[in-house]
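Working notes, beginning with the structure itself.
The values are calculated or read from the model by the stated rules, or taken from the named source; none is laboratory data. As the structure is a computational prediction, the values presented were derived from the model and not from experiment. So basically every Cβ, Gly included, is an ideal-geometry build from the backbone, and we count neighbours across all protein chains shown.
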Amino acid sequence: MKDFPLSGTRFPRVLALLLSGCGLLGHCLAGDLKGKVVFAGAAPARQTVPVTIDQYLCGNEKLADDLEVSANREIRNAVVWLDNPPAGGAFPARAEKVELDQKGCSFIPRVVIVPAGGTVDFLNSDRLLHNIHATPKHNVSFNRTQPMGRTIPVTFARPEIVRINCDLHSWMTAWVVVAAHPFYTVTGADGQFAFDDLPPGQYKLQIWHERLGTAQASVTVGEQRPAQVTVEMKSR
């Protein structure tokens with residue numbers, strides 16, 4: 001095996017790699033963080049909202065989408081992100097297209113994540129007229145009518161959580177989460193979330209839900225086994 005010189009730049013670089021948890025081949029230790037967001041207390045019954053227009057397509061009422069909790073208290077559409085993300089994290093060079101459709105007189109999905117500077121394609125799959133209306137604090141406001149089949153791209157330049165309304169159908173709401181870094185995710189029906197390949201260390205989590213507000217958590221990630229965390233949220 002070839003010796004490394006003790007002078008010059010090579011030895012300090014190798015020592016730095018070793019101290020940072022990286023081997024001589026450049027493979028750094030990494031860990032996974034897995035978690036779940038749950039409702040504190042008994043799961044609330046899902047409410048219904050009346051449909052006041054275009055009942056021929058939209059029906060007479062709809063299940064409310066602003067709070068979906070499973071029988072096991074798992075919360076859907078909670079947004080989770082790292083408050084202290086690892087340095088050097090970058091969005092994928094070819095990120096998947098972010099689409100928000102209006103289908104069956106609902107926004108689908110209700111919550112999307114887009115990187116700052118990224119674009120959301122708003123779609124309309126319904127055989128009627130919708131509109132998309134938002135008045136964000138840090139991005140450009142818009143209010144556009146949208147007939148069926150027309151795609152409206154909107155670019156969001158700065159991080160924030162933006163509410164989207166359809167003024168023609170008052171029960172329709174969606175959220176665009178403009179992410180400051182790649183470590184954002186949204187929970188599914190099982191309330192679960194995950195971040196993979198994190199450098200070992202302690203991380204602070206921020207959790208946001210449109211009805212339940214915000215919560216915080218702290219978790220230590222190692223390289224041996226996935227770190228596990230359960231976050232409870234309660235009604236405000």
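When you scan the stretch 147-155, do you find a residue that is within 21 Å of the chain's Cα centre (by Cα) and crowded, with 18+ Cβ neighbours inside 10 Å, even just one?
yes
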Query raised in the report: Considering the stretch 130-175 alone, what residues qualify as being assigned to a loop (DSSP other than H, G, I, E, B) and within 23 Å of residue 63 (Cβ to Cβ)?
Result: 166, 167, 168, 169, 170, 171, 172
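Given the condition under 30 Å from residue 227 (Cβ atoms), of a type outside the set (Asp, Glu), outside the structural domain of residue 65 (by TED's automatic domain parsing) and out of contact with any strand residue (DSSP E or B) (no Cβ under 8 Å at 6 or more places or on another chain), answer yes or no: does some residue in the stretch 102-116 qualify?
Let us first name the residues in the stretch 102-116 that are under 30 Å from residue 227 (Cβ atoms), namely 109-116.
Checking which are of a type outside the set (Asp, Glu) leaves us with 109-116.
Those left that are additionally outside the structural domain of residue 65 (by TED's automatic domain parsing): 109-116.
Keeping just the survivors that are out of contact with any strand residue (DSSP E or B) (no Cβ under 8 Å at 6 or more places or on another chain) gives none.
Within the stretch 102-116 (the criterion being under 30 Å from residue 227 (Cβ atoms), of a type outside the set (Asp, Glu), outside the structural domain of residue 65 (by TED's automatic domain parsing) and out of contact with any strand residue (DSSP E or B) (no Cβ under 8 Å at 6 or more places or on another chain)), the answer is no, since none of the residues qualifies.
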Report task. Consider only pairs whose beta carbons are under 8 Å apart and that are at least six residues apart or on different chains; among these, list those whose first residue lies in the stretch 86-108 and is within 24 Å of residue 133 (Cα to Cα) and whose second residue is of a type in the set (Lys, Arg) and crowded, with 17+ Cβ neighbours inside 10 Å. Result -> 105/62; 106/62
Report task. Any residue in the stretch 171-197 that's on the phi > 0 side of the Ramachandran plot: show its pairings with residues that are outside any strand (DSSP E or B) at Cβ separation under 6 Å, as long as the two are six or more apart or on different chains. Result -> 197/30
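Every residue in the stretch 65-87 that is in a strand (DSSP E or B) and closer than 27 Å to residue 222 by Cβ, please.
Selection gives 74, 75, 79, 80, 81, 82.
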Query raised in the report: Does the stretch 119-142 hold any residues that are more than 22 Å from residue 64 (Cβ to Cβ) and more than 24 Å from the chain's Cα centre (by Cα), and which are they?
Result: 127, 129
